[in-house]
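Inspection log for the structure reproduced underneath, given as C-alpha coordinates.
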Amino acid sequence: RKEVEQDPGPFNVPEGATVAFNCTYSNSASQSFFWYRQDCRKEPKLLMSVYSSGNEDGRFTAQLNRASQYISLLIRDSKLSDSATYLCVVLDSWGKLQFGAGTQVVVTP
Amino acid sequence: ETGVTQTPRHLVMGMTNKKSLKCEQHLGHNAMYWYKQSAKKPLELMFVYSLEERVENNSVPSRFSPECPNSSHLFLHLHTLQPEDSALYLCASSQDGWGTGDDGYTFGSGTRLTVV
(Lines give C-alpha, C1' and ligand atoms only; values in the text may rest on other atoms or scores of the structure.)
Protein backbone atom coordinates (compact mmCIF):
# COMPACT_ATOMS: atom_id res chain seq x y z
CA ARG A 1 0.00 0.00 0.00
CA LYS A 2 1.32 3.43 -0.90
CA GLU A 3 2.16 5.79 1.95
CA VAL A 4 0.34 8.68 0.30
CA GLU A 5 -2.33 8.27 -2.35
CA GLN A 6 -3.84 10.87 -4.62
CA ASP A 7 -6.31 10.84 -7.47
CA PRO A 8 -4.09 11.65 -10.45
CA GLY A 9 -6.87 13.53 -12.24
CA PRO A 10 -6.92 15.53 -14.36
CA PHE A 11 -9.56 17.68 -12.76
CA ASN A 12 -10.85 19.93 -15.53
CA VAL A 13 -12.22 23.09 -13.95
CA PRO A 14 -13.89 26.07 -15.63
CA GLU A 15 -12.30 29.36 -14.76
CA GLY A 16 -14.01 30.84 -11.71
CA ALA A 17 -15.27 27.52 -10.42
CA THR A 18 -14.32 25.68 -7.23
CA VAL A 19 -12.37 22.45 -7.19
CA ALA A 20 -11.52 20.19 -4.29
CA PHE A 21 -9.55 16.99 -4.01
CA ASN A 22 -8.24 14.73 -1.29
CA CYS A 23 -5.16 12.82 -0.37
CA THR A 24 -5.11 9.78 1.90
CA TYR A 25 -2.20 8.63 4.01
CA SER A 26 -1.55 5.22 5.51
CA ASN A 27 0.48 6.02 8.63
CA SER A 28 -1.90 7.06 11.39
CA ALA A 29 1.02 8.47 13.38
CA SER A 30 1.93 10.96 10.67
CA GLN A 31 2.77 14.29 12.14
CA SER A 32 2.74 17.06 9.58
CA PHE A 33 1.07 17.66 6.26
CA PHE A 34 1.73 19.92 3.32
CA TRP A 35 0.56 20.77 -0.16
CA TYR A 36 3.14 21.50 -2.83
CA ARG A 37 2.45 22.79 -6.31
CA GLN A 38 4.39 21.66 -9.36
CA ASP A 39 4.00 23.37 -12.71
CA CYS A 40 4.70 21.43 -15.88
CA ARG A 41 8.42 20.70 -16.21
CA LYS A 42 9.21 22.80 -13.17
CA GLU A 43 10.22 22.06 -9.61
CA PRO A 44 7.73 21.60 -6.73
CA LYS A 45 7.08 24.62 -4.54
CA LEU A 46 5.50 24.73 -1.11
CA LEU A 47 1.92 25.93 -1.37
CA MET A 48 0.84 25.63 2.22
CA SER A 49 1.13 23.63 5.40
CA VAL A 50 -1.98 21.91 6.69
CA TYR A 51 -2.92 22.48 10.31
CA SER A 52 -5.22 20.42 12.47
CA SER A 53 -7.82 23.13 12.66
CA GLY A 54 -7.77 23.71 8.91
CA ASN A 55 -6.30 26.78 7.33
CA GLU A 56 -6.89 29.16 4.52
CA ASP A 57 -4.54 31.14 2.31
CA GLY A 58 -6.42 33.38 -0.04
CA ARG A 59 -8.43 31.20 -2.41
CA PHE A 60 -6.88 28.00 -1.05
CA THR A 61 -8.28 26.07 1.91
CA ALA A 62 -6.65 22.99 3.40
CA GLN A 63 -8.32 20.59 5.81
CA LEU A 64 -7.03 17.67 7.84
CA ASN A 65 -9.17 14.74 8.93
CA ARG A 66 -7.08 12.57 11.23
CA ALA A 67 -9.86 10.09 11.94
CA SER A 68 -10.21 9.21 8.27
CA GLN A 69 -6.57 9.89 7.48
CA TYR A 70 -6.97 12.33 4.68
CA ILE A 71 -6.20 15.91 3.85
CA SER A 72 -7.97 18.05 1.32
CA LEU A 73 -7.30 21.11 -0.78
CA LEU A 74 -10.02 23.39 -2.06
CA ILE A 75 -9.42 26.10 -4.63
CA ARG A 76 -12.08 28.80 -4.99
CA ASP A 77 -12.54 31.12 -7.95
CA SER A 78 -10.06 29.13 -10.04
CA LYS A 79 -7.62 31.05 -12.21
CA LEU A 80 -5.91 29.82 -15.35
CA SER A 81 -2.64 30.12 -13.45
CA ASP A 82 -3.86 27.53 -10.94
CA SER A 83 -3.31 24.83 -13.57
CA ALA A 84 -0.63 22.61 -12.08
CA THR A 85 -0.05 19.32 -10.31
CA TYR A 86 -0.69 19.46 -6.59
CA LEU A 87 1.49 17.19 -4.47
CA CYS A 88 0.36 15.95 -1.09
CA VAL A 89 3.25 15.57 1.34
CA VAL A 90 3.15 13.83 4.70
CA LEU A 91 5.77 13.66 7.45
CA ASP A 92 5.54 10.11 8.68
CA SER A 93 6.27 8.79 12.15
CA TRP A 94 9.84 7.98 11.17
CA GLY A 95 10.51 11.60 10.36
CA LYS A 96 10.51 11.15 6.61
CA LEU A 97 8.57 13.21 4.11
CA GLN A 98 6.41 11.03 1.87
CA PHE A 99 5.20 12.49 -1.41
CA GLY A 100 2.08 11.61 -3.30
CA ALA A 101 2.23 11.26 -7.06
CA GLY A 102 0.15 14.41 -7.47
CA THR A 103 -3.27 15.53 -8.65
CA GLN A 104 -3.37 17.39 -11.94
CA VAL A 105 -5.68 20.39 -12.16
CA VAL A 106 -6.46 22.01 -15.51
CA VAL A 107 -8.35 25.29 -15.42
CA THR A 108 -10.05 26.09 -18.72
CA PRO A 109 -11.25 29.45 -20.04
CA GLU B 1 15.39 31.91 -10.10
CA THR B 2 15.31 29.87 -6.90
CA GLY B 3 17.91 29.85 -4.14
CA VAL B 4 18.84 26.32 -5.21
CA THR B 5 20.73 26.02 -8.48
CA GLN B 6 21.16 22.77 -10.37
CA THR B 7 23.39 22.06 -13.33
CA PRO B 8 23.11 20.86 -15.96
CA ARG B 9 19.42 21.35 -16.77
CA HIS B 10 19.47 18.53 -19.30
CA LEU B 11 21.83 15.60 -19.67
CA VAL B 12 21.97 12.78 -22.17
CA MET B 13 24.47 10.07 -21.37
CA GLY B 14 25.37 6.63 -22.56
CA MET B 15 25.32 3.66 -20.25
CA THR B 16 29.11 3.56 -20.06
CA ASN B 17 29.56 7.25 -19.30
CA LYS B 18 30.43 8.92 -16.02
CA LYS B 19 28.82 12.24 -15.24
CA SER B 20 28.01 14.39 -12.23
CA LEU B 21 25.05 16.51 -11.28
CA LYS B 22 25.70 19.62 -9.24
CA CYS B 23 23.52 21.42 -6.75
CA GLU B 24 24.26 24.66 -4.93
CA GLN B 25 22.14 26.46 -2.35
CA HIS B 26 22.56 30.04 -1.21
CA LEU B 27 19.94 29.96 1.53
CA GLY B 28 22.05 28.97 4.52
CA HIS B 29 20.04 25.79 4.92
CA ASN B 30 21.27 22.90 7.00
CA ALA B 31 19.96 19.99 4.96
CA MET B 32 20.19 19.00 1.30
CA TYR B 33 18.51 16.20 -0.60
CA TRP B 34 18.50 14.34 -3.88
CA TYR B 35 15.14 13.17 -5.21
CA LYS B 36 14.25 11.22 -8.32
CA GLN B 37 10.99 12.00 -10.10
CA SER B 38 9.74 9.61 -12.76
CA ALA B 39 6.62 10.25 -14.79
CA LYS B 40 3.37 9.77 -12.84
CA LYS B 41 5.25 8.52 -9.78
CA PRO B 42 5.87 10.11 -6.39
CA LEU B 43 9.16 11.75 -5.68
CA GLU B 44 11.61 9.14 -4.46
CA LEU B 45 14.08 10.20 -1.82
CA MET B 46 17.59 9.14 -2.74
CA PHE B 47 19.95 10.81 -0.29
CA VAL B 48 19.88 13.28 2.56
CA TYR B 49 22.66 15.34 4.04
CA SER B 50 21.80 17.02 7.29
CA LEU B 51 24.45 18.93 9.20
CA GLU B 52 27.04 17.05 7.13
CA GLU B 53 25.67 13.66 8.12
CA ARG B 54 24.53 11.45 5.28
CA VAL B 55 21.34 9.44 5.52
CA GLU B 56 21.23 6.99 2.66
CA ASN B 57 18.24 5.30 1.17
CA ASN B 58 19.21 1.65 1.06
CA SER B 59 17.35 1.02 -2.16
CA VAL B 60 19.53 3.38 -4.18
CA PRO B 61 21.84 1.45 -6.53
CA SER B 62 25.55 1.99 -6.10
CA ARG B 63 25.78 3.49 -9.57
CA PHE B 64 24.52 6.67 -7.86
CA SER B 65 27.04 8.21 -5.50
CA PRO B 66 26.45 11.45 -3.59
CA GLU B 67 29.06 13.87 -2.36
CA CYS B 68 28.58 16.83 -0.04
CA PRO B 69 31.86 18.75 0.31
CA ASN B 70 30.23 21.53 2.37
CA SER B 71 26.83 22.70 3.47
CA SER B 72 26.21 24.65 0.27
CA HIS B 73 27.13 22.08 -2.35
CA LEU B 74 25.83 18.66 -3.24
CA PHE B 75 26.85 16.40 -6.08
CA LEU B 76 25.41 13.22 -7.53
CA HIS B 77 27.98 11.15 -9.38
CA LEU B 78 26.60 8.83 -12.02
CA HIS B 79 28.25 5.83 -13.64
CA THR B 80 27.10 2.86 -15.72
CA LEU B 81 23.48 3.96 -15.56
CA GLN B 82 20.57 2.07 -17.07
CA PRO B 83 17.82 3.41 -19.35
CA GLU B 84 15.32 3.08 -16.46
CA ASP B 85 17.37 5.68 -14.58
CA SER B 86 16.10 8.30 -16.99
CA ALA B 87 14.12 10.77 -14.90
CA LEU B 88 14.09 14.25 -13.43
CA TYR B 89 16.61 14.54 -10.60
CA LEU B 90 15.72 17.21 -8.10
CA CYS B 91 17.92 18.73 -5.47
CA ALA B 92 16.28 20.36 -2.48
CA SER B 93 17.36 22.11 0.69
CA SER B 94 15.65 22.95 3.94
CA GLN B 95 16.41 24.87 7.08
CA ASP B 96 15.78 21.90 9.35
CA GLY B 97 16.36 18.21 8.99
CA TRP B 98 13.19 17.22 7.16
CA GLY B 99 11.71 20.26 5.53
CA THR B 100 9.00 20.66 8.11
CA GLY B 101 9.72 24.27 8.90
CA ASP B 102 7.54 27.09 7.69
CA ASP B 103 9.45 27.34 4.43
CA GLY B 104 9.42 23.60 3.70
CA TYR B 105 11.73 22.45 0.95
CA THR B 106 13.26 24.71 -1.66
CA PHE B 107 13.77 22.72 -4.82
CA GLY B 108 16.15 23.35 -7.66
CA SER B 109 14.86 23.30 -11.22
CA GLY B 110 16.10 19.78 -11.69
CA THR B 111 18.27 17.91 -14.16
CA ARG B 112 16.36 16.01 -16.79
CA LEU B 113 18.47 12.93 -17.40
CA THR B 114 18.17 10.63 -20.37
CA VAL B 115 20.21 7.44 -20.46
CA VAL B 116 20.64 5.99 -23.93
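The values are calculated or read from the model by the stated rules, or taken from the named source; none is laboratory data. Worth saying up front: this structure is predicted, and the values here are computed from it rather than measured. In this analysis, Cβ positions are derived from the backbone assuming ideal geometry, glycine residues included, and neighbour counts consider all displayed protein chains. Note: accessible area is taken over every heavy atom of the protein model, side chains too, but ligands, DNA and RNA are not part of it. Shrake-Rupley method; radii C 1.70, N 1.55, O 1.52, S 1.80 Å.
Excluding ligands, DNA and RNA and using a 1.4 Å probe, chains A and B jointly bury around 1600 Å² of accessible surface, summed across both partners.
Net charge of the neighbourhood of A:T108, taken over other residues with C-beta under 12 Å away and scored Lys/Arg +1, Asp/Glu -1, is -1.
At the residue level, B:R54 shows approximately 100 square angstrom of accessible surface with a 1.4 angstrom probe and all protein chains present. Taking only protein heavy atoms and a 1.4 Å probe, the accessible area of the protein assembly as shown is 47% carbon and sulfur.
Quick one: order A:D82, A:D39 from most to least accessible surface, probe 1.4 Å.
Details: A:D82 5, A:D39 55 Å².
Ranking A:D82, A:D39 by accessible area, largest first, yields A:D39, A:D82.
Cysteine residues of chain A whose Cβ has no partner cysteine Cβ closer than 4.7 Å: A:C40.
In the protein assembly as shown, the C-alpha radius of gyration followed by the widest Cα-Cα span (Dmax) gives 17.6, 53 angstrom.
Remark: chain A projects, on average over all directions, an area of 6.5 nm² (convex hull of Cα atoms). B:Y33 contributes an accessible area of around 0 Å² to the protein surface, as traced by a 1.4 Å probe with all chains present.
With every protein chain left in place, what is the accessible area per residue of the protein assembly as shown in square angstrom, probe 1.4 Å?
On the way: 10880 Å² over 225 residues.
About 48 Å² of surface per residue is accessible.
For chain B, what percent of Cα pairs sit more than 21 Å apart? Walk me through the numbers before you get to the answer.
Details: 2038 of 6670 pairs.
Beyond 21 Å sits 31 percent of the P(r) for chain B.
Excluding the site residues themselves, the longest part of chain B lacking any GluC sites (Glu not before Pro) in a DSSP loop with at most 14 other Cβ atoms within 10 Å is B:53-116. Here is the short version for chain B: B:C68 have no other Cys C-beta closer than 4.7 Å.
Quick one: ranking B:T111, A:T61, A:T18 by accessible area, 1.4 Å probe, largest first, what do you get? Before the final figure, lay out each step's value.
Working: B:T111 0, A:T61 25, A:T18 85 Å².
Result of the area sort, largest leading: A:T18, A:T61, B:T111.
When both region A:65-109 and region B:1-54 are represented by their alpha-carbon centers, they are found 23 Å apart. Per residue, the average separation of C-alpha pairs within less than 8 Å and at least 6 apart gives chain A a relative contact order of 38 percent.
Only lysine pairs 8 or more places apart or on separate chains count here, and in chain A those with Cα atoms under 20 Å apart total 4.
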